[in-house]
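Read the structure below first, then the notes.
The values are calculated or read from the model by the stated rules, or taken from the named source; none is laboratory data. Fair warning: this is a prediction, and the values are worked out from it, not measured in the lab. All Cβ positions, glycine included, derive from the backbone under ideal geometry; neighbour counts span all protein chains shown. Just so you know, the surface numbers come from the protein's heavy atoms only, side chains and all, with ligands and any DNA or RNA stripped out. Shrake-Rupley method; radii C 1.70, N 1.55, O 1.52, S 1.80 Å.
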Amino acid sequence: MQQLAKQWQRAGARISFVPTMGYLHEGHLSLVREARKRVGPGGKVVVSIYVNPTQFAPTEDLSRYPRDLKRDLKLLRALGVDAVFTPSDKEMYPGKNENRYSTYVVEESLARVMEGAARPTHFRGVTTIVAKLFNVVLPDVAVFGQKDYQQAAIIERMVADLNFSLKIVVAPTHREPDGLAMSSRNKFLDAEQRAQAVILFHALQSVKAAVAKKSISAGRLKKDLQHFITAAPLARLDYVEFFDPETLQPVPQVKRGTHMALAVFFGKTRLIDNARL
């Protein structure tokens, strides 16, 4: 992959990159289309498919994470993707099983809250694998989805702090007709869970409406949302947070322009969503 990228660079082609863990849905495909726009007809679009083990805790769903490479390749071929990079664990983490892999990339500010607090080892795995993929694919542009808002912010910070020579593009969240954010994990929801999962979107919409004309205490809104979300009998709130969209730090008062994020369990399936209010 790296040799191919260098060949493209020597030929003057710009490279646009979409990193994924596979089991692609329309949300991923919208990122691929955005990637193509960013480099035009003469550019190259690369998609990686790799379920990264270092961003999963031992108690999380690494082994359950859905995979269907044949289907993914068919979808990407239809979009005219120029290369799909599908490395093995051995290629990405050489010597790890023999304790000969010991270098990780750690962001130490934005990664401490929300997903970072709920999943303490998660973002170390994300920043490490994304940095490695950037070094392999050598992109001019990389496209991420806003559904993982905190992840995108951390990647942007990493790129700035470590002087990566590429542009990060954050594309809008792609949603189902009823508002549920598209996610590979949605396939784990049974019919009743799927019907109730739209509560995440409804929570975002209700807070948007509440703060449209006045600011409201974050503490009060969190209590209200606890009741609102658990009115769906199968929902278990993991966290809800209101924060500054630049620093990701919690704010005491919620108003227009504040960002909101939440995570909710349905059985063992954990869904996330976010929005600028």
Next on the checklist: Just to verify a result, which residue in the range 145-185, among those that are open to solvent by 50 Å² or more (accessible area, probe 1.4 Å) and among the small types (G, A, S), is nearest to the chain's Cα centre (by Cα)?
Outcome noted: A160
Next on the checklist: Give me the residue from the range 187-219 that is among the polar types (S, T, N, Q) and not in a helix (DSSP H, G or I) and, out of that set, nearest to R64 (Cα to Cα).
Outcome noted: S217
Checklist entry - So D238 fits all but one of (1) out of contact with any Lys or Arg (no Cβ under 8 Å at 6 or more places or on another chain); (2) open to solvent by 50 Å² or more (accessible area, probe 1.4 Å); (3) among the acidic types (D, E); (4) under 29 Å from G22 (Cα atoms); what number is the exception? => result (1)
Next on the checklist: If the requirement is being buried (at least 19 other Cβ atoms within 10 Å of the Cβ) and of a type outside the set (S, T, Y), which of these qualifies: V198, V137?
Outcome noted: V137
Item to check | Pair list, Cβ under 7 Å, 6 or more apart: the range 65-79 residue farther than 16 Å from R185 by Cβ, other residue of a type in the set (S, T, N, Q) and open to solvent by less than 90 Å² (accessible area, probe 1.4 Å) | outcome: L69/T86
Checklist entry - So, of the residues in the range 29-66 that are at pLDDT 95 or above and open to solvent by 30 Å² or more (accessible area, probe 1.4 Å), which turns out to be farthest from L166 (Cα to Cα)? => result P53
Checklist entry - So which residues in the range 92-118 are within 20 Å of P53 (Cβ to Cβ), modelled with pLDDT of 95 or more and of a type in the set (D, E, K, R)? => result E107, E115
Checklist outcome for this item: Restricting the range 72-101 to residues that are polar (S, T, N, Q) and closer than 30 Å to G43 by Cβ, the one surrounded by the most Cβ atoms within 10 Å (Cβ to Cβ) turns out to be T86
Checklist outcome for this item: Exactly one of D72, D61 is under 30 Å from A118 (Cβ atoms) and outside any loop (DSSP other than H, G, I, E, B), and that residue is D72
Checklist entry - If you check every pair at least six apart or on different chains, which have Cβ atoms under 7 Å apart with a residue in the range 166-184 that is more than 26 Å from V137 (Cα to Cα) first and a residue that is hydroxyl-bearing (S, T, Y) second? => result A181/T173
Checklist entry - Which residue, of E34, E107, is in contact with a strand residue (DSSP E or B) (Cβ under 6 Å, 6 or more places away or on another chain), in contact (Cβ under 8 Å) with a residue 24 or more places away in the chain and under 27 Å from T247 (Cα atoms)? => result E34
Item to check | Boolean, E34 is acidic (D, E) and touching a His at 6+ places or on another chain (Cβ under 7 Å) | outcome: no
